Amino acid sequence: MTPLDDLSDLPRPAHLRDLFEQDPTRAQRYVTHAGDLRIDWSKASVDDVTLDALLGLAERAGVERRRDAMFAGERINVTEDRAVGHVALRMPHTSSFVVDGHDVVPEVHAVLDALADFARRVRASGPIDHVVNIGIGGSDLGPAMAYEALRPFRHERIRCSFVSNVDGADIEAVLADSDPATTLFVVASKTFGTIETLTNARTARAWLVDALGEDAVVDHFVAVSTNEERVAEFGIDTANMFGFWDWVGGRYSVDSAIGLSLMIAIGPEAFSEFLAGFHTIDEHFRTAPLRDNAPVLLAMLGVWYANGLGYDTKAVLPYSNDLARFPAYLQQLDMESNGKSVDLDGERVGHHTGPIIWGEPGTNGQHAFYQLIHQGTRIIPCDFIGVARAEHGDQEHHDLLMANLFAQSEALAFGRSNEAEPHRNFEGNRPNTVILAERLTPSVLGQLIALYEHVVHVQGTVWGVNSYDQWGVELGKELANQITPELVGEPTPDAHDAATNALIAWYRAHR
Ligand code: G6Q
């Protein structure tokens with residue numbers, strides 16, 4: 001019997017309508033502030049009994065202990081035998097984060113300073129007006145999402161593009177829209193061994209050399225990596241390389257040198273504010289008591305939904321067009337971290353782990369899939385995200401947008417009974433959380449990301465899984481490497497099942 005089994009014995013809380021009726025203070029008591037974020041979880045399907053049980057579970061699962069172990073630089077990523085140090089990436093230079101007896105904060109700041117120097121040079125004058133980040137997964141989603149999210153803070157002359165997919169259509173479209181003389185390629189790869197990134201980088205390099213000659217590479221290519229040797233082997237001068245460390249996981253790396261393209265776009269000062277935002281939430285997570293600790297509370301609500309109430313998915317619904325890529329970013333953060341079925345001891349877990357994360361910005365989603373959220377047979381907890389003041393300054397648009405956010409949250413929770421016309425009946429009792437901030441600034445974006453990072457950390461602890469490895473992506477990579485030569489050279493029919501052999505044969509005949 002795991003502590004999670006206790007959840008199934010807990011009584012289900014009353015309908016949200018009744019919970020609000022019974023407790024006139026609920027709208028205040030179930031709101032938590034963290035940094036600039038106002039997190040309203042009053043429309044979560046919990047009451048004080050559930051909440052006590054969930055916080056008790058968090059304690060028994062060692063949430064505080066494991067959080068402290070992360071901040072102490074312990075090797076909590078046990079399957080890769082590494083520390084988990086993304087919180088060090090945003091520490092002020094007066095802090096310390098010790099990995100293997102060595103304070104890494106000075107190195108973090110040395111790299112940040114080098115990045116800032118470089119970004120300032122690129123921003124100060126021509127010729128570069130286009131930065132192309134070539135990376136995938138954790139080396140793409142963070143900067144790509146944040147570049148969109150911080151659109152109003154971007155440099156007016158310099159735009160960024162992000163190439164990730166090995167599908168040649170991705171790089172083709174970007175190169176077609178680029179001038180070799182004014183384009184800078186940032187090849188972002190922690191390992192510098194990722195086939196998609198290296199393939200795209202080779203194509204970009206050949207395109208540049210074709211236009212400007214080999215000597216131009218030095219001025220048009222920089223690398224972000226932990227692997228100096230491979231960077232040199234690829235043909236990028238390591239003087240043009242910005243490093244990071246094996247204790248930074250890919251999906252936790254937007255605040256490392258992987259954020260270079262973002263830093264060029266928004267400038268080093270705004271990037272510092274972005275990091276400071278993360279750090280604000282790190283400190284909140286590290287120090288706030290569990291009952292006031294936003295990541296812990298949101299994490300435990302998610303545990304309750306997954307393991308107590310059996311809800312399989314969670315929708316993330318930003319009422320901010322600039323946050324359009326945020327759900328995709330969280331998909332990786334959450335699903336690659338906690339999509340695990342084996343615990344830290346290598347045993348099969350006896351409970352569900354990470355939920356399926358999905359979402360689109362409001363109001364677009366309302367005209368597409370919200371029908372199912374309001375009246376479908378499955379309950380889908382939602383996170384709404386919105387701000388008080390839009391950077392675009394068009395108040396009419398923004399009031400309409402936010403009215404929709406508030407309306408959706410209300411409608412889902414409280415519904416509207418219509419016994420005479422069942423198809424018009426809204427049951428309500430569909431839980432949701434509303435996260436608000438005054439503005440979507442670099443700091444607030446950092447706060448939002450850190451909030452979700454720590455939610456994932458806490459849930460991973462409670463579920464007993466290692467949130468910091470991703471072995472589940474390996475088998476497909478290995479098979480793709482095996483199949484690639486078979487598509488053009490000799491097929492090896494014994495290597496595969498009958499269906500895969502037939503797919504390969506069909507492709508060979510038609511390519
Ligand atoms: C993230 C994953 C993964 C990784 C990519 C790119 O946590 O590890 O998405 O970021 O596979 O890896 P490289 O940066 O090594 O190219």
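The values are calculated or read from the model by the stated rules, or taken from the named source; none is laboratory data. Here the structure is a predicted model, which means the values were calculated and not measured. Glycine gets a Cβ as well: all are built from the backbone with ideal geometry, and neighbour counts include every protein chain shown. Only protein heavy atoms, including side chains, enter the accessible area calculation; ligands, DNA and RNA are left aside. Shrake-Rupley method; radii C 1.70, N 1.55, O 1.52, S 1.80 Å.
Miscellaneous remarks
- When the Cα positions of L309, H352, S337 are compared along the charge dipole of region 305-358, L309 comes out farthest toward the positive end, with charges on each C-beta of Lys, Arg, Asp and Glu.
- Diffusion coefficient, µm² s⁻¹, Stokes-Einstein with Kirkwood Rh over alpha-carbon pairs of region 164-205 at 20 °C and 1.002 mPa s: 198 µm²/s
- Cα-based Rg of region 450-511 normalised by 2.2 N^0.38 Å, two decimals: 1.80
- P(r), alpha carbons of region 6-158 - 10 Å bins starting at zero, rounded %: 8, 20, 25, 24, 16, 7, 1
- For region 82-162, GluC sites (Glu not before Pro) are listed when DSSP marks them as loop and at most 13 other Cβ atoms sit within 10 Å of their Cβ; the list is E156.
- Surface accessible to a 1.4 Å probe, per residue, for the residues of region 85-154, Å²: 38 Å²
- Each peptide in 312-322, 367-377 receives the mean, over its residues, of other Cβ atoms within 10 Å, and ordering these scores from highest gives 312-322, 367-377.
- Each principal axis of region 248-323 carries a Cα extent, and these read 45, 30, 26 Å when sorted largest first.
- Tilt relative to the chain, helix 474-488 - C-alpha long axis, 0 to 90 degrees, to 10: 40 degrees
- Accessible-area composition of region 39-100, carbon plus sulfur, in percent [1.4 Å probe]: 47 percent
- The portion of the accessible surface of region 142-210 made up by carbon and sulfur, rounded to a whole percent, is 49 (1.4 Å probe; DNA, RNA and ligands excluded).
- Take 489-500, 70-81 and order them by the average number of nearby Cβ atoms within 10 Å per residue, most first; the result is 70-81, 489-500.
- Solvent-accessible area per residue for region 369-511 (1.4 angstrom probe, square angstrom): 52 Å²
- Angle in degrees between helix 195-212 and the longest Cα principal axis of the chain, rounded to the nearest 10: 40 degrees
- Mean projection area, nm², convex hull over Cα of region 1-87: 7.9 nm²
- Hypothetical label at V31: residues of region 423-453 whose amide nitrogen lies under 13 Å (7 Å Cα-Cβ projection): 434-438
- The aspartates and glutamates whose alpha-carbon is closer than 14 Å to the alpha-carbon of K477, local same-chain residues fewer than 8 away aside, are E196.
- One quarter of the convex hull surface built on the alpha carbon atoms of region 400-483 amounts to 11.2 nm², the projected area averaged over directions.
- Remark on the chain: hydrodynamic radius 24.4 angstrom, per the Kirkwood mean of 1/r across alpha carbon pairs.
- Nearest-ten-degree value, helix 395-414 long axis tilted from longest Cα axis of the chain: 50 degrees
- Accessible surface of region 304-458 [probe 1.4 Å, protein heavy atoms]: carbon and sulfur percent: 48 percent
- Inter-part distance where region 458-503 and region 1-61 are each reduced to a Cα centre, Å: 40 Å
- Hits among aspartates and glutamates - C-alpha to C-alpha of K340 under 13 Å, sequence gap 8 or more where chains match: D469
- Sites S417 and V218 - FRET efficiency at Förster radius 51 Å, r taken between beta-carbons, to 0.05: 0.15
- Cβ-Cβ distance of A211 and K477, R₀ of 45 Å, FRET efficiency by 1/(1 + (r/R0)^6): the value works out to about 0.90.
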